[in-house]
Structures are given as C-alpha cells and as structure tokens.
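Laboratory data are not the source of any read-out in this text; all were calculated from the coordinates shown. What you see is a predicted model, and the numbers here were worked out from it, not measured in a lab. Methodologically, a virtual Cβ is constructed for each residue, glycine included, from the backbone with ideal geometry; neighbour enumeration extends over all protein chains shown.
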Amino acid sequence: MSVASSSPGQTSNAPLRIGQIISDAFAVSLRNYGWALLLNLGVFAALFGFFDSFSWAAFTEDSLFLPVDTTLNIWLFYLLFFVAGLVALALYCAMIRLVHDRHVDAARPVHTTCLAGAKRFLPTFGLVLIYFLAYFLIHLAVTLFVFRPPAFALILVFLATGCFAVYLVFPYLLSFVICINEGVGPIRALGRSRSLSEGYRWPLFGMMLLTFVIWFAYLVVSDLLGRAFGTNGSIVAIILMLLAFPLMYAWMAGIYSIAAYRLRVLKEGIDLNGTVANIFD
C-alpha cells in the first residue's frame with residue numbers, strides 16, 4: 001500500500017509546501033535533540049580532540065610522535081586529520097539519516113537509523129570530492145583562459161561561480177540527503193536529485209534562501225546574546241553554539257531530507273515504511 005499513487009516518472013503538480021517542510025523538520029529535530037546533541041559532541045570530540053592531542057604531543061616533544069622528524073609529523077598530522085574528518089562525516093551522516101527516518105517512522109530504533117547513516121560516509125565523501133572537482137575545473141578554466149585585466153578576471157570568476165550555483169547546485173541540491181537516506185551511490189544520487197527536483201527548482205531555491213536566512217538569524221542572535229553578557233560574552237557564545245548548533249544542523253538537514261522525501265511521494269509513490277516503491281523494482 002502506498003501513500004501516493006503516482007506512477008514512475010510522472011511529475012505531480014502538487015505544491016511542495018516549503019513552510020510545512022520547515023515546520024516538520026523543526027519538530028522532528030526538536031524531538032530528537034538529545035541524539036543530535038550526542039552526535040555533534042562526537043564530531044567535536046573527533047575534531048577538537050584530534051587537534052588538541054596532536055598539538056600537545058607533537059609540539060611538546062611527547063614520545064607518541066617523533067619530534068626529530070618534522071616531515072613524518074606533518075604527514076602523520078594530515079593522515080590523522082583525514083581520519084578525524086571521516087569520523088565527523090560519518091557522525092553527520094548518522095544524524096541526517098536519524099532525522100529522515102524518525103520523520104518517516106518515529107518508532108524506528110535510533111541505533112538502526114544511526115548505523116545505517118554512518119555506513120554512508122564513503123559514498124558521501126565521494127560526492128564531496130565530485131563537488132570539489134567541479135568547482136576546481138571551473139576555477140581552472142577561468143585561470144587558464146583569463147589572465148588580464150584582473151578586474152575582468154574577477155567578473156568572470158563571479159559569473160562562473162553564479163553559473164555553478166544555478167546550473168549545478170540547484171538541480172543537485174538534494175544529492176547528499178538522497179545518497180545517505182536512499183542508500184545509492186554518488187553518481188546515482190546526482191541523477192536522482194536532478195530528476196526529483198525537475199519542476200520544483202524555484203521552490204527549492206526559495207527553500208535554500210530561507211535556510212540561509214535562518215542561519216543568519218541564528219548567528220545574529222548568538223552574537224547579540226554574547227555581547228549582552230559583557231566580558232563573559234565569548235564563553236556564553238560558545239555555550240550557546242554547543243547547545244543550539246545541534247538543533248540548527250539537524251533542522252537544516254531535516255529540511256532537505258523531508259523535501260526529498262516529499263518529492264518522492266509526489267513523483268514516484270512511497271510505501272508506509274519509507275522505501276521507494278518503484279525505482280528499485
């Protein structure tokens with residue numbers, strides 16, 4: 001039994017309801033705030049713990065590292081930084097999958113959803129590399145073909161970045177959450193995002209602008225509260241960031257996850273357990 005009767009490839013004219021998506025994402029993020037906080041603390045532990053431990057050991061001549069071999073320490077630094085980054089990425093993938101699955105089925109076990117999301121860190125990392133490669137190619141093209149004048153080059157860089165945003169980011173805006181939540185590879189996630197977003201590019205563009213506005217408001221409020229506490233403002237700002245950032249990140253991830261979920265409902269039909277009904281047959 002499905003909640004939508006759309007056939008494969010059929011495009012529904014139903015509205016995406018961005019306001020409903022944003023409110024649903026906030027509700028599910030608030031209900032799972034404790035888990036989001038734990039996962040974000042894990043990210044902070046992986047990154048800041050790595051930096052603190054390496055700095056303490058490598059630059060105070062601890063026996064854990066070899067202070068006489070600077071080159072070895074540099075390579076070891078980059079290796080451990082890469083590992084810490086992958087751990088942080090896996091935890092963020094777990095949180096994205098958690099918000100999505102708990103929206104689809106609130107009774108789904110937390111450890112199951114988090115484990116399923118964390119396992120998607122390698123495909124997600126591949127997707128990150130694809131985005132960086134695309135941006136690098138645009139930057140390389142501008143660098144190779146435009147040398148003078150500098151002002152003209154700057155204008156072309158600006159235009160190239162705008163084209164990159166319009167033609168690449170918007171059609172593939174949902175590729176990350178699709179890669180994590182649907183369990184598909186990076187290339188297929190890009191194709192799925194382009195297919196699902198067809199006919200809804202402007203609503204998705206508006207949704208992205210709203211997320212930027214929400215983030216900006218969050219930063220402004222944090223800064224104002226930090227200034228309000230005077231000399232202890234920096235400490236208050238850090239505490240607010242640690243407490244509010246998990247909710248904000250889960251909220252933003254939930255917006256895009258629920259948007260992709262609703263597009264699957266509108267265009268393809270989806271069963272009650274959240275499994276795409278048609279594309280994997």
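Worth a mention:
- The modelled label-to-label distance between residue 214 and residue 107, using points 7 Å beyond Cα along the C-beta direction, is 2.8 nm.
- As a rough footprinting exposure proxy, the listed residues 140, 173 were ranked by other beta carbons within 10 Å of their own, and the order from fewest upward is 140, 173.
- Among 248-258, 106-116, 197-207, the order from most to least packed when residues are scored by Cβ within 10 Å on average: 248-258, 197-207, 106-116
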